[in-house]
Amino acid sequence: MLSKLTDLSLLKEKFIQERKNILASDVSALQKKLYTKLFDKLIAVLDIEGGSIINNNANISATSAVDKVFKDFETDLSKTMQGVTNDYSKLIGYNEKYFAEFNAYTFASVKIRVINQMQARAGFSSKGFEKDGFVDSFIKDKAIARSVKQAVLGAVLNGTPLKELSKSLSATINGTDKSPGALENHFRTYVYDTYSQFDRETSNQFSIGLDLNYAIYAGGLVDASREFCIVRNGKAFTREEIHAFGTPQDKFG
């Protein structure tokens, strides 16, 4: 049984890393698409004189195109986040397989409760994204749009050279060799880490629901194993003892 559980855990970790890598690639492509739309719908249509943006009413009014571009962009972002919630569902599935090995009598009812709890926390269901839930709020976040609009409006009011604005927006949206783009930062802040967090909380809810209050420290040993690994390896611990690991209450620090 332990071997099967270990294999399932390894498969789950591999899945998380693979999906995060794919998501990072998708986000990079989304950034480029967003910049192209901003260029086509806004930058390319601004009134220019001598290479610089003219401070006139037409250009000031044109900055409203930023709102339209980002509103349309929500559709692309929704598709990406649909992929993320599909990944969340698959993580629930991995945990189902893992915890189905325990307490078969109560598993069916616990499974339904855990699925409902975890979907509610992330803000999605079989019907789609829940209004004002985590996913919905992430998609509709206006922080990047506000930043871009302020930059464009400032460029218009100050008569900034068009090339300078284009370069500045590219650095903001697409990033540079030294810094990630705006959308990459947005996902790093709010989404990437949720894969592991969602998995851990799903596992925790199954453990609580199935009344699994003990666990075996099964990390194994290597030549460079630290003292706490050596002392604990192969031994069973209560939930309270596990929660104390790595805290001030842990004798190993």
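First measure r as the distance between the Cβ atoms of Glu101 and Arg188, then evaluate 1/(1 + (r/R0)^6) with R0 = 35 Å and state the FRET efficiency to the nearest 0.05. Calculated value: 0.50. Per-atom-type breakdown for segment 64-187 gives carbon and sulfur 52% of the accessible area (1.4 Å probe, protein chains only). Among the lysines, which fall within straight-line cross-link reach of Lys178, defined as a Cα-Cα distance under 20 Å, with same-chain neighbours fewer than 8 residues apart omitted? Once the sequence-local lysines are set aside, what remains near Lys178 is Lys32, Lys167.
Only one residue of Ile230, Gly50, Thr194 has its Cα farthest out toward the positive end of the dipole of the chain, where Lys and Arg carry +1 and Asp and Glu -1 on Cβ, and that residue is Gly50. Size descriptors for segment 171-217 (Cα atoms only): Rg and Dmax, in that order, 17.8, 51 Å. Over segment 121-231, accessible surface divided per residue gives 59 Å², non-protein components excluded, 1.4 Å probe.
The alpha carbon centroids of segment 60-113 and segment 143-200 are separated by 23 Å.
A simple packing score, the average count of other Cβ atoms within 10 Å per residue, orders the peptides 29-35, 128-134 as 29-35, 128-134, with the highest score first. For segment 20-121, the Kirkwood hydrodynamic radius comes to 17.6 Å, computed from all pairs of different C-alpha atoms. The ellipsoid that matches the Cα gyration tensor of segment 7-73 has semi-axes, each √(5λ) in whole angstrom, of 43, 11, 7, with the longest given first. Think of a 1.4 Å ball rolled over the protein heavy atoms: segment 25-73 then has 53 Å² of accessible area per residue. Taking 0.36 nm per residue of separation and subtracting the Cα-Cα distance, full extension of the segment from Arg226 to Lys4 would add 77.3 nm. Hey, what angle do you get for helix 143-158 against the long axis of the chain, alpha-carbon based, 0 to 90 degrees rounded to 10? Compared with the principal axis, the helix lies near 20 degrees. Per residue, the convex hull spanned by the alpha carbons of segment 111-190 comes to 115 Å³. Over the chain, the Kirkwood radius and the radius of gyration, each from Cα atoms, give a ratio Rg/Rh of 1.13. The Rg/Rh ratio for segment 151-247, using Cα coordinates for both the radius of gyration and the Kirkwood hydrodynamic radius, is 1.33. Across segment 1-41, counting alpha-carbon atoms alone, Rg and Dmax equal 17.9, 59 Å.
Projecting label points 7 angstrom from Cα along Cα→Cβ for Ala143 and Gln82 puts them 2.6 nm apart.
The values are calculated or read from the model by the stated rules, or taken from the named source; none is laboratory data. Predicted model, so just to flag it, every value in this text is computed and none were measured. Note that we place each Cβ from the backbone using ideal geometry, even for glycine, and neighbour counts take in every protein chain shown. Accessible surface areas use protein heavy atoms only, side chains included; no ligands, DNA or RNA. Shrake-Rupley method; radii C 1.70, N 1.55, O 1.52, S 1.80 Å.
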